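Please treat every number below as a calculation from the coordinates, not as lab data. If you're wondering where the values come from, they're calculated on a predicted model, not measured in any experiment. Glycine gets a Cβ as well: all are built from the backbone with ideal geometry, and neighbour counts include every protein chain shown.
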Protein chains: 2
Amino acid sequence: MKTILSSFVFTALIGSAAVAQQDTSMLDRIYKTSFYDGQAYDNLRYLTKEIGHRIAGSKRAEEAVLWSKKLMEEMAFNTVYLQDVQVPYWDRGMKEEAYVLPSREPLQVLALGGSVGTGNSGLSAEVLEVELLSDLKKHGDAVRGKIVFVNKPWDESIVETGAAYGLNSSQRSRGPAEVAKLGGVAYLFRSLSSSRIDDYPHTGGTRYVEGIDSIPALAISAVGAIRLSEILKENPKSKVFIRNTSQWNGVANSHNVIAEWRGTEKPDEIITIGGHIDSWDIGEGAHDNGTGTMGTLDAIRTLMKLGYKPKHTIRLVFYMNEENGVNGSMKYGETAKAKNERIVAAIESDAGGFAPRGFDIKASAEQVQWIQKEWKPLFEEKFWVSRFLQGSPGVDSGVWGRHFPNTIMFNFRPDPHRYFDLHHTAKDVFEAVDKRELQSGVAAIASLLYLVDQQLDLLQ
Amino acid sequence: MKTILSSFVFTALIGSAAVAQQDTSMLDRIYKTSFYDGQAYDNLRYLTKEIGHRIAGSKRAEEAVLWSKKLMEEMAFNTVYLQDVQVPYWDRGMKEEAYVLPSREPLQVLALGGSVGTGNSGLSAEVLEVELLSDLKKHGDAVRGKIVFVNKPWDESIVETGAAYGLNSSQRSRGPAEVAKLGGVAYLFRSLSSSRIDDYPHTGGTRYVEGIDSIPALAISAVGAIRLSEILKENPKSKVFIRNTSQWNGVANSHNVIAEWRGTEKPDEIITIGGHIDSWDIGEGAHDNGTGTMGTLDAIRTLMKLGYKPKHTIRLVFYMNEENGVNGSMKYGETAKAKNERIVAAIESDAGGFAPRGFDIKASAEQVQWIQKEWKPLFEEKFWVSRFLQGSPGVDSGVWGRHFPNTIMFNFRPDPHRYFDLHHTAKDVFEAVDKRELQSGVAAIASLLYLVDQQLDLLQ
């Protein structure tokens, strides 16, 4: 027994060492190619500067779809196609206006995505400030006729800014209905900004509930929220004037953009990779999510340039409408489910283009441990990518993944410090992206894609 | 035996769990204090905007010294004092000028620190381009009368940009003497820039060798180097005109700034923490090294604010003259050695103020393993700080550490992607620092300082 065991262990070690050596060499080539020949940054420039922001249903969203399709067609994919997606089209209208009365001191605001308008003449009302919607109860009838101002500061002590965002984001979505139910006339929400010294309002989706009045809902900058709170302390009878002319324009035809690189060994087993191509309608959608789309595309381009032949079919998906409906990922999931497809793994990038830190992994604890043992050492010391933790998939993978509960999913995690300074703001522009950080992320994603494709059997 | 062992293990586990719980709670408080009440960013604004760049020997360097001393005196240190340091004072003179002849196409250049000048009328000569100084041999007599242009591109595929810098930095320092020895009239060195699309020259120290002529030495931007190389391919007889009026102005009196926070249990055992306060004479010395000085000071302020009482004496040192002489750290080491001081640990910050990633550790492999096992879990998941590897101390600790070979040294490592875009350039300004990243680094350093102070006995 001893001899047999030793021999087995010996063989396994040799095999493992050879695989590790091959992987190390491949990752070196991937990083070299991404840093020297990567096109993510140049493609991002086009997407942000030539096309610009691209809310679902808009002309520019369709321009981004057609341009993305063309980019993919120029590559060595076997198939490139559009998948029809019906999306609600919301239009912001004129630039919003808000100020305090009687001083007319201006406040920086943005309509929340999906908000109805105030009408051209705007509205003014007294303001009821609360920290959280749950505080409304105790104000009872005092809500009636007021603008409700939810002024919950960001928890700056949380390094993982995504978690800090998650603490308050439901206040944004639930606000208008809860306020309207109690007779409030508008909703003013302190922006989900990681900085107190930021005068940029951050937009983001909100929603109404059938049977409850739809009232205008706007985000106010963090600096504006702090200032307004001071004003209300001095004079609780101060009014605020707001005007926004946003409206829903029905349903538009739009698309997911999909490209497939056929697997050589298991063509029916699919690895889905990508991110959403739509953005909010301000800034340029650079970190959210130009970097995710241009980055995942470039990761595949990197492997193609190296002459790689995937075992599994690699399917790149640019989802439409993540920001205000997730209709693209719903459609993708329903279609894949109806076709009874085998989607064995997924990689999503939708957390910005800052320096790569790792991947959150939706998989069993044992699988994550295996990844920490086998893959993390390939990245950690040399490439500064070390975070391989059990966690949630991205929003789009999460949505279509309801049909594919057993799919292993990876959510790319860049450095979180700066993302919520610019998320959903006018500051999310091309200039906020660093080329070296972006291409380092492309290399990390391409390396993970390579490892998933090569070693998925070992992982399962 | 079984019972005794179990009981021992049980006690050890309880003890360890309690310590871990206490540490976790302390780190939470440190992070909260740094993010909410940190002053590193505001202090950095003063240092960079009100004082500005501060090369050793300059008036502004002394202004930085006196202002730093005042900052420290406002804190709860037991002693604050200046340590005399003699420094060489080099002055850049007028803005440098360089262009190609006959086209007069301009090139962006900066004199290397320590360079002699060309004189007011400048000089022009044909250019001999090589990739490395070692290539000069094969050109023999052709070097005579020429400007030697070392055009070695940065290795962009190395994520650890400090290592890429190290590959070529000796070309910068050795160049002038090696070129002069062969009769060259000036040295033009491709900037140590991590970007090919950067038209900013990066300065940095160079040196002469006694008995060999001192010739002017300048850094050319990466974009300029690529362009000049193209021009030379088209017309190898092109000349370059350069003019710089830099010169040495003898020796100046300057200072290290030192503050001590007396230990309550082991006052004679010293933990040295700090970074260099001087900078190059362009930009504002923000990441190099305003963040390191203002960051380590704020780390101590954070612990003081929390009412912490250190076991060991914590000594904050702002070293003078790291950039062009390391006379400050030499003086610090000689003085401490002469007094037979016991410096038991050191922490240095001199690699920028980007998002914190960890610490390089000069210690035995066993000690580093212990740190990885005991301290890394306190930082990794929650605070995104995960790099605890055996490595080099910072430059200043390394210099004085020659007298203290057994001192455990920690070198703060922020994210390396962007540092060498702006290192030693006009781009190294306050605006290039992100407040959240900086204060996250302050918290990481304060947390490490706390752990070193509390658990140094366990580590040794």
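Let me have the 222 nm mean residue ellipticity of chain B computed from DSSP H runs of 4+ only, each contributing -39500 (n - 2.57), with the sum over all residues rounded to the nearest 500.
It comes out at -12000 deg cm²/dmol, rounded to the nearest 500.
State the Cα centre-to-centre distance between segment B:31-81 and segment A:250-281 in whole Å.
52
Is there a pair in B:70/B:382; A:311/A:362; B:311/B:376 whose C-alpha atoms are over 24 Å apart, and which pairs would that be?
B:70/B:382
Name the shape class, rounded, prolate or oblate, that the alpha-carbon gyration tensor gives for the protein assembly as shown, where a ≥ b ≥ c are the square roots of its eigenvalues, rounded holds for a/c under 1.5, and otherwise prolate holds if a/b is larger than b/c and oblate otherwise.
Because its axes are fairly even, with a/c under 1.5, the protein assembly as shown counts as rounded.
If you bin the C-alpha pair distances of segment A:218-272 every 10 Å from 0, what whole percents do you get?
That works out to 15, 22, 13, 14, 16, 13, 7, 0, in percent per bin.
Restricting to bridges with both residues inside the protein assembly as shown, how much of the DSSP beta-bridge set is antiparallel, in percent to the nearest 5?
Roughly 50 percent of the beta bridges in the protein assembly as shown run antiparallel, per DSSP.
Beyond 36 Å, what percent of the Cα pairs of chain B remain?
Looking at chain B, the distances longer than 36 Å represent 33 percent of pairs.
Along Cα→Cβ at 7 Å, what distances in nm separate the residue A:210 label point from those on the other copies, shortest first?
9.2
Please compute the modelled spin-label separation between residue A:364 and residue B:37, points set 7 Å along Cα→Cβ, answer in nm with one decimal.
4.8
Mind pulling the angle between the C-alpha long axis of helix A:435-459 and the longest principal axis of chain A? Nearest 10 degrees, somewhere in 0 to 90.
50
Which angle between 0 and 90 degrees, to the nearest 10, do you get for helix A:59-73 versus the longest principal axis of chain A when only C-alpha atoms count?
10
Round to the nearest 0.05 the FRET efficiency obtained for residue B:197 and residue A:59 when R0 = 30 Å and r is the Cβ-Cβ distance.
0.40
Of the beta bridges DSSP finds with both residues in chain B, what % are antiparallel, to the nearest 5?
Around 50 percent antiparallel, to the nearest 5.
What angle do you read, to the nearest 10 degrees and between 0 and 90, between the alpha-carbon axis of helix A:365-374 and the longest principal axis of chain A?
60
Nearest the rotation axis from B to A, which residue of chain B has its beta carbon, and at what whole-angstrom distance?
Looking at chain B's Cβ atoms against the axis toward A, the nearest is B:386, 2.
Could you give the dipole magnitude of segment B:171-278 about its Cα centre, charging the beta-carbon of Lys and Arg +1 and that of Asp and Glu -1, in debye to the nearest 20?
The dipole of segment B:171-278 has a size of about 700 debye.
Treating the point 7 Å from Cα along Cα-beta-carbon as the label, what are the nm separations from residue B:84 to the other copies, to one decimal?
8.8
Counting DSSP beta bridges in segment A:94-245, what percent are antiparallel, to the nearest 5?
Antiparallel: roughly 50 percent of the beta bridges in segment A:94-245.
Please give the per residue volume of the convex hull enclosing the alpha carbon atoms of segment B:343-402, rounded to a whole number of Å³.
86
What are the label-to-label distances in nm, one decimal and shortest first, from residue B:42 to the same spot in the other copies, with labels 7 Å along Cα to Cβ?
4.7
Let me know the Kirkwood hydrodynamic radius for segment B:51-96, please, with Cα pairs as the basis and the value in Å to one decimal.
Hydrodynamic radius (Kirkwood, Cα pairs) of segment B:51-96 is 12.3 Å.
Let a ≥ b ≥ c be the square roots of the eigenvalues of the Cα gyration tensor of segment A:94-245; is it rounded (a/c under 1.5), or, if not, prolate (a/b larger than b/c) or oblate?
Verdict is rounded for segment A:94-245.
Report the extension gain between residue A:431 and residue A:306 in nm, rounded to one decimal, defined as 0.36 nm multiplied by the number of residues separating them, less their alpha carbon distance.
42.1 nm
I'd like the trypsin sites (Lys or Arg not before Pro) in segment A:105-185 restricted to DSSP loop residues with at most 12 other Cβ atoms within 10 Å, sorted by number.
Hits after loop and neighbour filter: A:144.
Could you give the length gained on full extension between residue A:84 and residue A:137, defined as 0.36 nm per residue of separation minus the Cα-Cα distance, in nm?
14.7 nm
Which listed residue (B:167, B:109, B:191) has the Cα farthest towards the positive end of the charge dipole for segment B:94-245, taking +1 on Lys and Arg C-beta and -1 on Asp and Glu C-beta about the Cα centre?
B:109
Under the rule a/c < 1.5 gives rounded, and otherwise a/b versus b/c splits prolate from oblate, where does segment B:275-344 land using the Cα gyration tensor?
oblate
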